[in-house]
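Chemist: If you scroll down you'll find the structure; I have some questions about it.
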Amino acid sequence: MEKDVLFDGSAFDAALADTTPALTLFRNTLRHAQAVLARRFERGAPIVQLVRGRAWVMDQLLARAWHRIMGKYEQQAALVAVGGYGRGELHPHSDVDLMVLLPGGELPALHPALECFLLFLWDMGLEVGHSVRTVEDCEREGQADITVATNLMESRLLGGDASLYYAMRQVVGPDRIWPVRDFFAAKWQEQIARHHKFHDTAYNLEPNIKEGPGGLRDIQMIGWVAKRHFGGQTLDDLVGHGFLSPAEYRALIEGQNFLWRIRFGLHLLARRREDRLLFDHQRALARQFGYKDENATLAVEQFMKRYYRTVMELGQLNEMLLQLFQEKILLADEPAQIVPINRRFQARNGFLEVSSDLVFRRQPFALLELFLLLAQHEHLKGIRAETIRLIRSHLHLIDDDFRADLRCRSLFMELLRQPRGVHTALRHMNRFGLLGAYLPAFGRIVGQMQHDLFHVYTVDEHTLFVLRNVRRYAYPQYRAEFPLCAELMDQIPKREVLYVAALFHDIAKGRGGDHSELGAEEVVAFCRNHQLSDYDTRLAAWLVRNHLLMSGTAQRQDISDPDVLNAFAATVGDRVHLDYLYLLTLADIRATSPTLWNSWKATLLNTLYNSTRNALRRGLTNPIDADELIAETKEEARRRVRDRAVSAEAIDALWSRLDDDYFLRYTIDAIAWHTEAIIAAPADAQPLILIRQQTQHGGTELFIYTPRRDNLFALTTSTLDQMGLTITDARIMPSRDGYTLDTYIVLEEDGAPVSEAWRIQELESTLRSVLAHPDTPPQKVERRLPRQLRHFTIPTQVTFQPDPYNDRTVMEVVSSDRPGLLSQIGKAMMECGVRLQNAKIATLGARVEDIFFVTDAANQPLRDAAQMENLRQRITELLTA
């Protein structure tokens, strides 16, 4: 067969008539066709030709195999393509779904021939999904299962008895089973359940291009429902029935073709059926589709942005068209209850609609007014499909003149000032493309993703989640979630300033440069255009510019240090800025990833907020004094311990061995806990291990009191890592007499504190066993690296800078997350004679950004450049190995 010919029927039939073994010929022909299609795909051939071409080749081979093997029984049964193959669509490794249709009654002579036929297909190398049914079976099983009915609705005759096939089509029609209304209701519920499996969002890091929202199944859903009613066979037929406009048809076909090309490429890359756009394949497909890395965005980010925008458009079309089908066809005969709202809008059966198709053309500002009305009238169920269609077709009216119109600017700000419905209205505006049209800077982030495991959502989706989170603070039913946020929400002067900051905090991502600074410039322009006061403009810009300040301070600095608190308080300046920043920070972190927020982060931010509020109350000219704080801490801790009948002499003896840093770094509660346990412990009870399940630190607190060893950190972290625990905070506090007081805050892999009694006991006994032999080298962590982490290689970077407030050096390690990372860093510090004093552990998806406060062996800052370089090289070597 010629190299680029997909299938030559004459040559094949001639070879089949020759002495060539039939199975070999069929198998080689199939492989040849696959290779031709793969080459055509790489050359950029139209995807429709490829998908239809593979189905056509399959038709040719199956028809010939049926004729050859069934012989005299060929016309006693029918070979039928069903499902996707029935639609004439086959990707490289799609299942070939077949049904053998039999007449009623016993036909034992047919069974051996059918078995030979199906076995032949498997031997050819086909993935066959098959069923054997009679016409009566089709009717009965189709009635019982909507999936069966759908597959039969899209069937094609490949060979055999045509009368059997047409009899089957007759009994599974809407006049016999699944009338249009019932079919529509069942398929809609089926889609709702399918979308729930993907958390009702198309913006997943590794989306399923077939089953996910906005995916291929949603396009098929439109076809199924309309075909059931109109009896057409293609989406093109729906244009003639007036159900689809030509523009909507083009959008559906263009979206389908793009997803088809991705799916075709996925099958070729995976060499099997694959519908998940995994990290494994995203980069390869981006290159294959011609995307290239640019200064601000990676090729894979550009590719995925197009993907997300495509499925967003398809999802919107799916939603609109199904609603339209329900309104115009299923509910067409029901009486309409129309309630006028104003001259431009009315409610029809609870759904908002325009009073005339000319409203938007005559008064373009009504495009924004519609969403304000949606927020103001809680009884409205949504927007009617025909009005959504009009919105989409009038987006071109949103231009510079529209944005400069005082009516439009006033409507948008009025929307942001509504007590309810703001998030829902803005989410609808984004889905219909109106938000990005009105705010072009927002339009640039629609579908923008960051290729990492930390940012789970696209920038626009994340932004709307942030807005949802700050809105929830104001609702009574959510007050119990974050009581402090609810309290502050009632106190801040203007909520709309917080909403504006939420909308703009990430609006400059993907441009290169500092997105916080660029976003501040954008929000200033917005505020001035929308006539916010100078004070509100400055506040919104400050929030956008500093939206990472509070989380960075809490997670990367030692917030028990008075100097750190004083510096943070000076930057914030007053209680109003602190309240706004706290509300925005919590909403931002919680909207980044469902797994990112945990009790430890909540405690860190609450601690920083309360400490800063106290510092502001004292006044910036009267900052917190370390000596005063230490004295107050000792006094209160002593009172608590004395209440438990511990002698003053024992307390003084222990505390005399501890430096002032201990009383600055630990809370009063922790100091009392440590003091009582250490004094009560027998002298030979080493190591002393204490565990508290629920603490004010937001995680499980692990305290170790034992003679100091240089490898203690490496031993401890390797043990905790091997047990599947996540370390979020570490404090290493040496005493003056050769002991160390080490505290670790740990969480389970799901972000929850260690809670089960058996797990607490396992943790204590395992650590005791390991630390009883401190000279033993740390065990190698054997936990497997998760699949997703393998696709993000982040070069290890080690940097040093002086701690501006203490006699320590701050070492930052940036690298790819992996099991045993902290143990390896601890090993490097031990080998280089560096001591750990404190650590702040931050894992951002696949990226770690860990902060270590270190000294030399004499507890002095690192000043020897050679020592720092040796440590940098050793950490890099150990993390690269």
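Chemist: How much length, in nm to one decimal, is gained on full extension between Glu636 and Asn204, taken as 0.36 nm per residue of separation minus their Cα-Cα distance? Don't skip to the end; give the middle numbers.
Modeler: Numbers: separation 432, 0.36 × 432 = 155.52 nm, distance 5.00 nm.
Residue separation times 0.36 nm, minus the Cα-Cα distance, leaves 150.5 nm.
Chemist: Counting other C-beta atoms within 10 Å, and keeping those with at most 12, which DSSP coil trypsin sites (Lys or Arg not before Pro) do you find in the range 259-339?
Modeler: On the way: sites: Arg261, Arg263, Arg271, Arg272, Arg273, Arg276, Arg283, Arg287, Lys292, Lys305, Arg306, Arg309, Lys328; in loops: Arg271, Arg272, Arg273, Lys292.
Sparse-neighbourhood loop trypsin sites (Lys or Arg not before Pro): Arg271, Arg272, Lys292.
Chemist: Sticking with this one: Of the listed pairs Lys601/Lys634; Lys509/Lys601; Lys292/Lys780; Lys187/Lys381; Lys494/Lys601, which have alpha-carbon separations greater than 32 Å here?
Modeler: Values: Lys601/Lys634 27 Å; Lys509/Lys601 24 Å; Lys292/Lys780 39 Å; Lys187/Lys381 21 Å; Lys494/Lys601 27 Å.
Where the Cα-Cα span goes over 32 Å, the pairs concerned are Lys292/Lys780.
Chemist: Net charge near Ser94: determine it from the other residues with C-beta under 9 Å of the C-beta of Ser94, scoring Lys and Arg +1 and Asp and Glu -1. Before the final figure, lay out the partial values.
Modeler: Working: positive: Arg54, Arg263, Arg273; negative: Glu89, Asp95, Asp97, Glu127.
That works out to -1.
Chemist: Name the residues whose placed amide hydrogens come within less than 5 Å of the amide hydrogen of Asn838, ignoring near sequence neighbours (fewer than 5 apart) on the same chain.
Modeler: For Asn838, the qualifying residues are Ile732, Phe853.
Chemist: What is the Cα radius of gyration of the range 88-221 over 2.2 N^0.38 Å, N being its residue count? Can you show the working numbers first?
Modeler: Numbers: Rg = 17.5 Å, N = 134, 2.2 N^0.38 = 14.1 Å.
Ratio of Cα Rg to 2.2 N^0.38 Å: 1.24.
Chemist: Need one word for the range 378-419: rounded, prolate or oblate. Basis is the Cα gyration tensor (sqrt eigenvalues a ≥ b ≥ c); a/c below 1.5 gives rounded, then a/b vs b/c decides.
Modeler: Numbers: a/c = 4.25, a/b = 1.11, b/c = 3.84.
It comes out oblate by the Cα gyration axes.
Chemist: With the contact rule set at Cα under 8 Å and sequence spacing of 6 or more, what percent relative contact order holds for the range 532-684?
Modeler: Numbers: 94 pairs, mean separation 38.3, N = 153.
Answer for the range 532-684 is 25 percent.
Chemist: In angstroms, what radius of gyration and Dmax does the chain have, counting Cα atoms only?
Modeler: Just the Cα atoms of the chain yield Rg and Dmax of 33.7, 106 Å.
Chemist: Continuing with the same structure: Which distance in Å, rounded to a whole number, links the C-alpha centroids of the range 597-617 and the range 222-254?
Modeler: 56 Å
Chemist: Between Asp95 and Arg618, what is the spin-label point distance in nm, taking each point 7 Å from the Cα along the Cα→C-beta axis?
Modeler: 6.8 nm
Chemist: For the range 251-263, take each phi angle, set θ = phi - 60°, evaluate the Karplus expression 6.51 cos²θ - 1.76 cosθ + 1.60, and give the result in whole Hz per residue in order, putting x for glycine and proline.
Modeler: Rounded to whole hertz, the list is 5, 5, 5, 5, x, 4, 5, 5, 5, 4, 5, 4, 5.
Chemist: Ranked highest first by the average count of other Cβ atoms within 10 Å around their residues, in what order do 733-743, 424-434 fall?
Modeler: Ranked from most to least packed, the peptides come out as 424-434, 733-743.
Chemist: Give me the percent relative contact order of the range 658-718, please, defined on Cα pairs under 8 angstrom at least 6 residues apart. Mind dumping the intermediate values first?
Modeler: On the way: 35 pairs, mean separation 13.1, N = 61.
Reported as a whole number, the value is 21 percent.
Chemist: Let me ask you something else. How much net charge surrounds Phe26 when only the other residues with a Cβ under 9 Å from the Cβ of Phe26 are counted, with Lys and Arg +1 and Asp and Glu -1? Before the final figure, lay out each step's value.
Modeler: On the way: positive: Arg27, Arg64; negative: Asp123.
Result for the neighbourhood of Phe26: +1.
Chemist: Using the beta-carbon distance between Arg156 and Ala332 and R0 = 51 Å, what value does 1/(1 + (r/R0)^6) give for FRET efficiency, to the nearest 0.05? The partial results should precede the final answer.
Modeler: Values: r = 32 Å, r/R0 = 0.63.
E(calc), rounded to 0.05, equals 0.95.
Chemist: Give the calculated FRET efficiency between Gln779 and Glu831 to the nearest 0.05, with a Förster radius of 22 Å applied to their Cβ-Cβ distance.
Modeler: 0.80
Chemist: Rounded to the nearest 5, what is the percent of antiparallel bridges among the DSSP beta bridges in the range 711-750? Present the calculation step by step, with values, prior to reporting the outcome.
Modeler: Working: 8 of 8 bridges.
Once the DSSP bridges in the range 711-750 are tallied, antiparallel ones form about 100 percent.
Chemist: Would you work out the relative contact order for the chain, in percent, from Cα pairs under 8 angstrom that are 6 or more residues apart? Don't skip to the end; give the middle numbers.
Modeler: Values: 1277 pairs, mean separation 56.2, N = 881.
So the answer I get is 6 percent.
Chemist: If packing is taken as the average count of other Cβ atoms within 10 Å, what order do 191-202, 8-19, 55-66 fall into, highest mean first? Mind dumping the intermediate values first?
Modeler: Values: 191-202: 15.0, 8-19: 11.6, 55-66: 20.1.
Per-residue Cβ counts within 10 Å, averaged per peptide and sorted highest first, yield 55-66, 191-202, 8-19.
Chemist: Which length gain, in nm to one decimal place, applies between Arg657 and Asn342 when the Cα-Cα distance is subtracted from 0.36 nm times their residue separation?
Modeler: On the way: separation 315, 0.36 × 315 = 113.40 nm, distance 7.81 nm.
Gain on extension, Arg657 to Asn342, equals 105.6 nm.
Chemist: State, to one decimal in nm, how far the label point of Tyr535 lies from the label point of Lys72, with both points 7 Å from Cα in the Cβ direction.
Modeler: Going from the Tyr535 label point to the Lys72 one covers 10.0 nm.
Chemist: Using θ = phi - 60° and the Karplus relation 6.51 cos²θ - 1.76 cosθ + 1.60, list the HN-Hα couplings for the range 816-831 in order, rounded to whole Hz, with x at every Gly or Pro.
Modeler: 6, 5, 6, x, x, 4, 5, 5, 5, 5, x, 5, 5, 5, 4, 5
Chemist: R0 = 56 Å: FRET efficiency of Lys381 with Ala270, Cβ-based, nearest 0.05? Write out the running numbers ahead of the final one.
Modeler: Working: r = 43 Å, r/R0 = 0.76.
The calculated FRET efficiency here is 0.85.
Chemist: Taking 0.36 nm per intervening residue step and subtracting the Cα-Cα distance, what contour gain separates Ala22 from Leu395 on full extension? Don't skip to the end; give the middle numbers.
Modeler: Numbers: separation 373, 0.36 × 373 = 134.28 nm, distance 5.96 nm.
Answer, rounded to one decimal: 128.3 nm.
Chemist: Under a point spin-label approximation (7 Å from Cα along Cα-to-Cβ), what is the Phe289-Glu481 distance to one decimal in nm?
Modeler: 3.3 nm
Read-outs: derived from the displayed coordinates by stated rules, not from any lab. The structure displayed is predicted, hence computed values, not measured ones. With ideal geometry, Cβ positions are generated from the backbone for all residues, glycine too; neighbour counts draw on all protein chains shown.
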